[in-house]
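Report on one structure; see the data block that follows.
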Amino acid sequence: MTLSLEVMANIRRLHFAEHWKVGTIATQLGVHHDAVERALGIGTRGSATPDGVLARRMTASLLDAYKPLIHETLEQYPRLTASRLFEMAKARGFSGGYEMVKRYVRRARPQARSEAFFRLETLPGEEAQVDWGMFGKLKVGNAVRTLCCFVMVLSYSRGLFARFFLDMTMESFLRGHLKAFEALGGAPRSVLYDNLKSVVLERHGDAVRFHPRLLELAGHYHFAPKPCAPYRGNEKGKVERTIRYLRDSFFAARRFTGLDDLNVQLGQWIHNVALVRPWPGAPDGRRVVDVFGEERPRLLPLPEGAFSADVLRAVSSGKTPYIRFDGNDYSLPHTLVRKPLTLLASEDTVRLMDGADEVARHRRSYDKGERVDDEAHLQQLANEKRRAAELRGRDVLRSTLRNADAFISALAVKGSALGAETTRLLRLLKEHGPREVDAALADAMARRAISASSVAHLLDTRARARKQLPSIDVVVPESVRHVRVTAHALADYNSLHTREDES
């Protein structure tokens with residue numbers, strides 16, 4: 001709240017000169033405690049000025065000079081306490097006791113009059129009241145979410161809409177309006193709110209600065225937002241009583257399996273219980289549903305275009321192809337890593353946009369720490385990694401073997417699967433060494449037998465000619481692949497085998 005220089009000067013005078021506490025100033029001037037603290041430049045509410053009570057009794061004449069001060073102050077602030085008036089008089093030189101001031105203030109204070117309230121009646125379709133109700137916590141997977149209920153009540157007929165959400169964000173607040181207008185079949189001409197942060201950004205007296213998103217919603221549905229006056233709970237008593245009614249009649253001892261199940265049961269309760277109750281104050285025994293039927297045609301018709309209550313946020317990923325939103329990770333194509341994107345989140349869907357193009361769509365999770373994947377994104381990344389590994393393998397062959405480039409080109413012309421062929425050649429290179437493999441590549445090309453199988457056959461043939469044992473692929477079971485085994489040279493075992501043959 002931005003205070004005028006006049007109000008700020010008055011706040012500082014009342015605190016530092018008259019020694020009023022922050023709470024007293026806020027109540028008497030009708031401003032928020034935080035605004036008073038900012039004006040005073042302090043971080044704690046109220047001052048520590050003691051009230052100090054003198055024990056000795058003095059004659060009433062000591063107070064005569066200060067009676068005009070007391071009268072003038074009480075005329076401006078009739079609810080000010082006697083202790084504060086005593087401090088004000090004391091600061092001006094009064095030497096009497098607190099009891100003397102207290103007795104005089106009791107006689108001089110303007111007689112408080114009980115405020116009478118008009119019964120707030122509205123015309124059909126004129127007004128609805130909106131508020132949130134808190135209903136504890138709800139566990140969703142590993143997350144513990146706040147269970148909140150959005151409630152809208154038509155002031156005339158008491159027709160109502162209610163829906164549970166897992167937060168009180170601006171998007172849920174707007175979405176509650178959309179679903180309420182749709183369920184009620186129209187919009188009222190005005191909607192009355194408490195001073196919610198989703199409604200009022202700043203307020204000073206009657207001057208209100210509304211949340212811009214609420215103004216967009218009001219402009220779309222042609223209703224007027226109206227915050228009730230501070231400390232005037234009677235103005236929105238219909239929605240408060242409805243929340244209490246919903247808490248006692250519906251939610252108490254209610255069992256449900258999740259948010260969707262709870263909302264289904266809530267819709268049934270509204271239809272079967274809340275709308276068929278007697279209309280408040282009706283002498284003819286009419287029900288709420290009957291009066292709502294009369295009010296419904298008076299509501300403003302809904303516009304053709306839908307208002308978007310989606311979360312709209314600029315995002316970008318880190319090194320991994322995931323976007324973090326509301327405590328969970330959502331996958332995206334690996335080609336868009338670290339690229340600026342737009343996230344759009346509805347109540348049940350999360351979408352990622354690259355400009356006007358949708359590049360990812362996921363179900364929305366209300367868990368915490370969940371990774372929501374699209375299998376297509378994972379497959380694309382795996383293919384890219386596999387392709388990169390194949391390219392690195394071909395580079396190894398080209399840098400190690402003189403005939404590798406010509407052999408790989410011949411494989412490509414033949415239409416062979418380069419990935420599989422490259423993997424097989426790398427294994428042969430590891431088993432037989434670069435010299436033998438390079439010679440086998442040249443021999444295979446001369447024979448026009450362009451394949452890794454032909455190269456392997458030539459290498460085995462030459463090994464048998466040299467009386468070498470053929471190499472055998474070792475298949476390691478999945479259950480023991482994690483075990484680390486130190487590799488040993490097999491030459492000693494081969495020599496033992498040769499000695500046995502000679503003997």
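The values are calculated or read from the model by the stated rules, or taken from the named source; none is laboratory data. Quick caveat, the model's predicted, so the values are computed rather than measured. Please note: Cβ atoms are built from the backbone with ideal geometry, for glycine as well, and neighbour counts cover all protein chains shown. Remember, those area values only see protein heavy atoms, side chains included, never the ligands or the DNA or RNA. Shrake-Rupley method; radii C 1.70, N 1.55, O 1.52, S 1.80 Å.
Loop-located trypsin sites (Lys or Arg not before Pro) across the range 323-372 with a Cβ neighbour count of 11 or fewer within 10 Å are Arg338, with loop assigned by DSSP. If you plug the beta carbon distance of Arg106 and Asn10 into 1/(1 + (r/R0)^6) with R0 = 30 Å, you get a FRET efficiency near 0.65.
Measuring between alpha carbons in the structure, the pairs from Lys21/Lys197; Lys139/Lys319; Lys139/Lys236; Lys21/Lys102; Lys137/Lys236; Lys179/Lys368 lying more than 20 angstrom apart are Lys21/Lys197; Lys139/Lys319; Lys139/Lys236; Lys137/Lys236; Lys179/Lys368.
Here r is the Cβ-Cβ distance between Asp354 and Ala382 and R0 is 25 Å; the resulting FRET efficiency, rounded to 0.05, is 0.70.
Modelled spin labels at Arg402 and Glu72, positioned 7 Å past Cα toward Cβ, are 11.2 nm from each other. Note on Arg277 and Arg392: their simple-model spin labels are 6.8 nm apart, each label 7 Å out from Cα toward Cβ.
Ligands, DNA and RNA aside, Ser198 has an accessible area near 20 Å² when probed at 1.4 Å.
Split the accessible area of the range 339-445 by element, probe 1.4 Å, and carbon with sulfur accounts for 49%. Percent of Cα pairs in the range 305-448 per distance bin of 5 Å, from zero to the largest separation: 2, 9, 15, 15, 10, 7, 7, 8, 8, 7, 6, 4, 2, 1, 0. Excluding same-chain neighbours fewer than eight residues apart, the lysines reachable from Lys467 by a Cα-Cα span under 28 Å are Lys430.
Note on Ala253 and Arg424: the extension gain reaches 54.8 nm, defined as 0.36 nm multiplied by sequence separation minus the Cα-Cα distance.
Average projection, convex hull of the Cα set of the range 258-383: 11.7 square nanometres.
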